[in-house]
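Notes for the one structure printed next.
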Amino acid sequence: VIADGALDKTALTDDVGSEEDLYEDFRSSNHRYGHPGGGGEQLAINELISDGSVVYAEALWDHVTMDDQELGFKAGDVIEVMDATNKEWWWGRILDSEGWFPASFVRLRVNQDEPMEDYPLKVEGGKEDDSSSGTRRFGMGQTTKDQMRTNVINEIISTERDYIKHLKDICEGYIKQCRKRADMFTEEQLKTIFGNIEDIYRCQKKFVKALEKKFNKDHPHLSEVGSCFLEYQTEFQIYSEYCNNHPNACMELSRLTKVNKYVYFFEACRLLQKMIDISLDGFLLTPVQKICKYPLQLAELLKYTNPQHRDFKDVEAALNAMKNVARLINERKRRLENIDKIAQWQSSIEDWEGEDVLVRSSELIYSGELTKISPPQAKSQQRMFFLFDHQLVCCKKDLLRRDILYYKSRINMDDMEILDVEDGKDKDFNISVKNAFKLHCRDTEEVHLFCAKKPEQKQRWLKAFENERRQVQLDQETGFSITEVQKKQAMLNASKQHHSGKPKAVTRPYYDFLMRQKHPTLPTTLPQQQVFMLAEPKRKPSNFWQNISRLTPFRK
């Protein structure tokens with residue numbers, strides 16, 4: 001990598017010594033920059049603390065700990081930062097508790113002077129210490145609501161400008177240089193590592209221009225930015241593709257950085273672009289964090305926007321819109337993770353016939369045992385049914401090993417209408433039924449009759465059929481689909497697991513999961529911490545079979 005952008009074949013060779021020389025040459029130059037949580041911002045935090053100012057941070061995620069030296073808290077708690085000299089672990093206090101906590105779990109409050117009504121400081125008698133805390137809470141004096149709104153608006157504008165610079169640095173500092181090294185990177189590798197970040201960069205450039213047009217430089221609190229978020233809410237859905245690909249990017253980077261020449265290459269790209277001291281995987285996490293931060297910023301903006309303000313209704317609508325975007329991204333991520341589980345389920349079914357489930361489906365809506373009554377002799381059969389989007393799969397239990405399932409048939413749900421059947425004699429099948437319903441094919445007039453054991457089971461099935469149609473409609477409206485490559489990869493992975501020695505039968509925990517499975521519809525509102533789960537710090541991984549029903553988005 002050289003400054004004028006030309007390709008220098010001798011810049012990075014397979015000779016480790018020459019790479020180290022290049023790396024040391026860059027390191028010995030003046031390209032040294034701090035980064036959030038360290039460098040300039042970290043120094044500023046400590047200067048404020050040493051000057052006697054109180055610095056507050058707001059918890060983004062729960063921090064659960066059994067260590068008495070660490071500070072536990074829940075998402076939304078406000079923490080007084082007492083020491084930030086370490087860039088990864090800060091010392092803080094909540095009421096009477098003090099301890100270390102991970103800096104990545106919090107964000108500094110925009111309005112440090114905001115009163116702490118919900119988090120009063122305590123004295124020995126258990127009463128609020130108004131006399132001493134008043135000065136600490138308000139600093140130079142109580143700020144007005146307009147000033148609070150100004151602070152939030154300024155943060156939104158400044159963070160957008162910083163974010164644009166990050167995206168530009170990635171596109172020009174890394175991707176541009178990587179494309180010149182065809183001997184090191186294939187186009188497929190670059191697509192895996194960087195995803196659609198160039199599309200995001202183009203979208204964000206237009207978005208920040210729209211924000212700046214609405215920004216009132218003389219009176220920032222009068223700025224009307226809510227309409228910008230409403231205008232771009234649909235375009236922000238491109239983050240879904242990026243977030244879904246991000247785990248693959250991390251794995252590919254981890255594989256490449258085991259080779260020295262890639263480590264030195266990436267570091268040379270960073271230094272040449274004069275980027276802050278964060279590794280490439282840190283830069284690639286930025287879009288994931290950004291799309292999850294918008295609802296936080298808008299919630300804070302709404303808090304300091306008077307109902308009479310011209311921007312109030314737009315900010316309120318923008319907050320809901322960006323929550324929906326975050327929810328949609330989380331839902332799509334969960335659906336993509338589901339296809340691996342569906343592929344594994346299919347590989348465990350004996351005597352499978354016809355096309356794979358993933359050809360048409362990507363979601364298990366409901367499952368359970370029903371009695372199927374078939375014409376013309378009205379023969380009844382106990383069967384296990386699995387309702388996916390677009391299809392209902394019928395299986396038979398093994399007579400001896402009840403956890404083994406055999407494929408029997410499937411029904412195309414796109415052609416069916418659901419008919420509720422009253423208890424009593426059915427005129428079509430000429431038999432008495434209880435807790436029954438029918439599936440009627442509109443095209444062929446074919447009728448399928450099913451009976452549940454209990455009335456509540458019947459109601460759950462009727463609700464599940466409604467949810468299936470609703471899911472199909474939602475997928476059509478949002479354009480959700482699984483690519484052929486993703487389907488094939490999921491089936492390939494399932495096949496490899498089967499051939500590696502796993503038994504063909506459904507394992508007991510997974511079978512129990514399918515028996516108990518209750519598939520709630522997507523809620524209209526989600527808790528704050530669930531909406532922003534995409535950017536949650538990485539937790540200790542647990543056993544796959546224990547987590548199979550959680551269906552959570554990926555964690556970082």
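The values are calculated or read from the model by the stated rules, or taken from the named source; none is laboratory data. Note that the structure is a prediction, hence the values are computed from the model and not measured. Heads up, the Cβs are rebuilt from the backbone with ideal geometry, glycines too, and the neighbour counts pull from every protein chain shown. Remember, those area values only see protein heavy atoms, side chains included, never the ligands or the DNA or RNA. Shrake-Rupley method; radii C 1.70, N 1.55, O 1.52, S 1.80 Å.
Pairs Lys74/Lys165; Lys209/Lys333; Lys165/Lys209; Lys214/Lys333; Lys205/Lys258: which are spaced more than 23 Å apart, C-alpha to C-alpha?
Result: Lys74/Lys165; Lys209/Lys333; Lys214/Lys333; Lys205/Lys258 exceed 23 Å.
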Long-range amide H contacts for Ile431: which residues qualify at under 5 Å (H placed 1.01 Å from N, peptide plane, sequence gap of 5 or more or a different chain)?
-> Asp426
What residues have an amide H closer than 5 Å to that of Arg109, excluding those fewer than 5 places away on the same chain, when H is modeled at 1.01 Å from N in the peptide plane?
-> Tyr56, Ala57, Glu58
Arg270 - accessible surface, heavy atoms, 1.4 Å probe, Å² rounded to 10 | 10
Sorted by mean Cβ packing within 10 Å, highest first, what order do the peptides 446-457, 300-311 take?
-> 300-311, 446-457
Determine Rg/Rh for region 153-297; Rg is computed over alpha-carbon atoms and Rh is the Kirkwood hydrodynamic estimate from the same atoms.
-> 1.02
Per-residue ³J(HN,Hα) for region 47-60, Karplus 6.51 cos²θ - 1.76 cosθ + 1.60, θ = phi - 60°, Hz, x for Gly and Pro | 5, 4, 5, 5, 7, x, 6, 9, 10, 10, 10, 10, 6, 8
What order do you get for 351-358, 364-371 when each peptide is scored by the mean count of other beta carbon atoms within 10 Å, highest first?
-> 364-371, 351-358
Which order, highest average first, do 86-97, 414-425 follow once you tally other Cβ atoms within 10 Å for each residue and take the mean per peptide?
-> 86-97, 414-425
Rounded to whole Hz, the Karplus (6.51, -1.76, 1.60) HN-Hα couplings of region 88-102, x for glycine and proline | 9, 10, 10, 9, x, 9, 10, 6, 9, 9, 10, x, 7, 8, x
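Largest first, what is the accessible-area ranking of Glu252, Glu484 with a 1.4 Å probe? Can you show the working numbers first?
Working: Glu252 30, Glu484 115 Å².
Ranked list, largest accessible area first: Glu484, Glu252.
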Each residue of region 296-302 in turn: what ³J(HN,Hα) in whole Hz from Karplus with 6.51, -1.76, 1.60 and θ = phi - 60°, glycine and Pro shown as x?
-> 5, 5, 5, 5, 6, 5, 4
Across 5 Å bins from the origin, how do the percents of Cα pairs in region 39-108 run, short distances first?
-> 4, 18, 32, 27, 13, 6, 1
Amide H to amide H under 5 Å from Ile365: which residues, 5+ apart in sequence or cross-chain, H placed 1.01 Å off N in plane?
-> Leu387, Phe388, Asp389
Report, in cubic angstrom per residue, the convex hull volume of the C-alpha atoms of region 363-479.
-> 114
